[in-house]
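What follows is a single structure, written as structure tokens, with notes after it.
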Amino acid sequence: MKLLLATHNPNKVIELKALLTDHPEIEVLTLNDLNIAEEPEETEPSFEGNAILKAQWAMERSGLISLADDSGLEIDALNGEPGVYSARYLGKDTPYTLKNAIILDRLKEESDRRARFVSVVAIAYPKSMHNEGDTAIIVSEGIMEGSIGFEALGSNGFGYDPIFIPYGHTLTYAQLSTDVKNKVSHRGQAFRKAIRVLIEGESHAL
Ligand code: IMP
């Protein structure tokens, strides 16, 4: 089975490919492999909406079963920001070293450090691969609760990894290896559930 990973984020590709090493029956392709340079605009107000939008867009472009993740960090003391706007928060091209420093500064007097990463994974099937009337999409969610640290630590991963400490750990996501992060992470949880459904050949309604 061929599966297209509908992202240009190289870190997401590394994480998703690592999660698929136990599934040799799945041949993984990326947008770069298909020379697809663009990505759709994320116009939906929810993780679920944007994950579905990206997966369906990639499936229509490629004719392949396509998987997209839409994810972000919700910080309680910032009223859930950056949330669904995580990639654009404080400027799309602002380096994460700066974004993370600004967030730490905004929280410097704050004792409520609670935060969570959320991921919604959507897998879209081409019409030719499902029966009329069947739903053509798998959707699953993963949430990792945790807290925002007092300094940015670690150099693995990407984005907000250096400031997020997953619940039950003392290290940030950026101090964990890809394999350990994948075992606990929001994306790992959502992805494993979606892949299980894909492999079992089931799909469920939205
Ligand atoms: P998306 O590609 O539109 O889903 O944007 C997700 C954004 O959320 C990324 O650009 C990061 O800012 C943030 N994000 C999502 N997952 C992670 C993660 O695992 N580590 C760090 N940041 C993440």
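The values are calculated or read from the model by the stated rules, or taken from the named source; none is laboratory data. Predicted model, so just to flag it, every value in this text is computed and none were measured. When we count neighbours, we look across all protein chains shown, and the Cβ atoms used for this are built from the backbone with ideal geometry, even at glycine. Ligands, DNA and RNA are stripped out before the accessible areas are found, and what is left, the full protein with its side chains, is counted by its heavy atoms. Shrake-Rupley method; radii C 1.70, N 1.55, O 1.52, S 1.80 Å.
Would you confirm whether or not the stretch 82-94 contains a residue that is surrounded by fewer than 19 Cβ atoms within 10 Å (Cβ to Cβ), within 15 Å of the ligand (Cβ to nearest atom), modelled with pLDDT of 95 or more and in a helix (DSSP H, G or I)?
Yes, the stretch 82-94 contains a residue that is surrounded by fewer than 19 Cβ atoms within 10 Å (Cβ to Cβ), within 15 Å of the ligand (Cβ to nearest atom), modelled with pLDDT of 95 or more and in a helix (DSSP H, G or I).
Within the stretch 1-24, restricting attention to residues that are away from the ligand (no atom under 16 Å from the Cβ) and in contact (Cβ under 8 Å) with a residue 40 or more places away in the chain, which residue is surrounded by the most Cβ atoms within 10 Å (Cβ to Cβ)? Steps first, answer last, please.
Taking the stretch 1-24 and keeping what is away from the ligand (no atom under 16 Å from the Cβ), we get 1-3, 20-24.
Going one step further and asking which of them are in contact (Cβ under 8 Å) with a residue 40 or more places away in the chain, we end up with 1-3, 20, 23.
Details: M1: 13, K2: 12, L3: 19, L20: 17, H23: 14.
The qualifying residue surrounded by the most Cβ atoms within 10 Å (Cβ to Cβ) is L3.
Considering only the stretch 105-128, state which residues are at pLDDT 95 or above, more than 17 Å from the chain's Cα centre (by Cα) and open to solvent by 30 Å² or more (accessible area, probe 1.4 Å).
Residues satisfying the conditions are D105, R106, K108, E109, E110, S111, D112, R114.
Looking at the stretch 54-64, which of its residues are hydrophobic (A, V, I, L, M, F, W, C), touching a residue at least 60 places away in the same chain (Cβ under 8 Å) and open to solvent by 10 Å² or more (accessible area, probe 1.4 Å)?
M59, L64
Taking G159 and the conditions (1) small (G, A, S); (2) open to solvent by 30 Å² or more (accessible area, probe 1.4 Å); (3) in a loop (DSSP other than H, G, I, E, B); (4) in contact (Cβ under 8 Å) with a residue 12 or more places away in the chain, which numbered condition does it fall short on, given that it satisfies the others?
(2)
Of all residues in the stretch 129-149, which are part of a loop (DSSP other than H, G, I, E, B) and either at pLDDT 95 or above or open to solvent by less than 40 Å² (accessible area, probe 1.4 Å) (or both)?
If the condition is that a residue be part of a loop (DSSP other than H, G, I, E, B) and either at pLDDT 95 or above or open to solvent by less than 40 Å² (accessible area, probe 1.4 Å) (or both), then A136, G149 are the ones that fit.
Only one of these conditions is not met by T43: (1) in a helix (DSSP H, G or I); (2) open to solvent by 80 Å² or more (accessible area, probe 1.4 Å). Which number is it?
That leaves (1) as the condition not met.
Out of (1) part of a helix (DSSP H, G or I); (2) open to solvent by 50 Å² or more (accessible area, probe 1.4 Å), the odd one out for N100 is which?
Failing condition for N100: (2).
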